[in-house]
Amino acid sequence: MREAPKADAAPVNQLSISGNACGPSALLSSFRCGNDAWQRAASSLPGTTDREQLGQWIRRHGLLPSETLRGRKRWTSAGINVEDLVAATNEMTKPLYLPAVSQDDLFLRRGEKREALLRRTHQRLEESLSKGIPPLLSLRRFVLRDGKWIALQGHFVTVTAVTRKLGRGESSFSFVYLDPWGGKRGQGTLRVPTTSLVASPGLTSPCLEAIVPAANIGKKEVRRAETTAVVPAAVVGRW
């Protein structure tokens, strides 16, 4: 496994401040688990507890105008989106002379095959870990309701380890993550779907599937007997 430089650092618990603070919490966990340079970003926030440091981050960076949503702040009751999280991260770390982070969506591109999407996803995660900054993975639960796939809830986690190499013909790989919901560690698998997910029956799924049994992403919104799946929607890190 390719592991984060300080994979045993304490995970941040978003519930110490708010149920919609998964983005800032996953980011702070990433800083704590990163190399010495990125750990400086965590220590740059005043406070000694998760609540104190998250509060500082939200006031300094989360309550500024959104980069993508007119008339809204970056962090709201709905949380924070990927674009605003990237902008806020780079805003915070630039004065510390840290390199900028980037984002990549994890849905099929034009002409891309699902196996290539799996490799691209693995490459993003593994390379960011190798550069000393654990990547943030945006997970999203979808449900098939009334014949249509709809998104129920999104959630950020911090990836602290990933299978080092993806062999030829492999259709999945394992990863370890920190879940800000409760501040806990979990293990999961990203794989090429075996059924049509987020697509009409018989059509190619435009995404991968995340098998994360311990994650509680949107489970309470799923109705009995509904088909549901968690997919990796985007990644934030360095590559």
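Annotations
- Total formal charge among the other residues, if their Cβ is under 15 angstrom from that of Pro65, Lys/Arg +1 and Asp/Glu -1: +2
- Measuring r between the beta carbons of Ser171 and Asn90 and using R0 = 35 Å, the FRET efficiency lands at 0.55.
- Look at the dipole of the chain built from charges on Cβ: of Thr227, Pro180, Leu208, the Cα furthest out on the positive end belongs to Thr227.
- Among (i) 1.38; (ii) 0.98; (iii) 1.09, the entry derived from the coordinates for Cα Rg over 2.2 N^0.38 Å: (ii)
- Rounded accessible area of His155 (nearest 10 Å², 1.4 Å probe): 20 Å²
- Stretch gain in nm, segment Ala225-Leu203, where the contour uses 0.36 nm per residue and the Cα spacing is subtracted: 5.7 nm
- The stretch 88-119 versus the stretch 171-215: alpha-carbon centroid distance in Å: 18 Å
- The chain - charge dipole about Cα centre, Lys and Arg +1 at Cβ, Asp and Glu -1, debye rounded to 20: 240 debye
- Each Lys and Arg Cβ is given +1 and each Asp and Glu Cβ -1; about its Cα centre, the stretch 24-115 then shows a dipole of about 240 debye.
- Stretching the chain fully between Gln187 and Ala37 yields a gain of 51.4 nm (0.36 nm per residue, less the alpha carbon separation).
- Computed from the Cβ-Cβ distance with R0 of 22 Å, the FRET efficiency linking Asp104 to Glu52 stands at 0.10.
- Separation of the stretch 132-165 and the stretch 3-66, taken as the distance between their Cα centroids, equals 19 angstrom.
- Under 10 Å, Cβ to Cβ, from Cys33 - net charge with Lys/Arg +1 and Asp/Glu -1: 0
- Protection-proxy order for peptides 168-174, 38-44, each taking the mean of Cβ atoms within 10 Å per residue, highest first: 38-44, 168-174
- Charge dipole (the chain, unit charges on Cβ, about Cα centre) - positive-most of Ala78, Leu144, Ile133: Leu144
- Per atom type, the stretch 130-194 shows carbon and sulfur on 43% of its accessible surface, probed at 1.4 Å.
The values are calculated or read from the model by the stated rules, or taken from the named source; none is laboratory data. From a predicted model like this one, the values you see are computed outputs, not experimental measurements. Ideal geometry is used to build each Cβ from the backbone, glycine not excepted, and the neighbour counts take in all protein chains shown. Note: areas computed on protein heavy atoms with side chains; ligands, DNA, RNA excluded. Shrake-Rupley method; radii C 1.70, N 1.55, O 1.52, S 1.80 Å.
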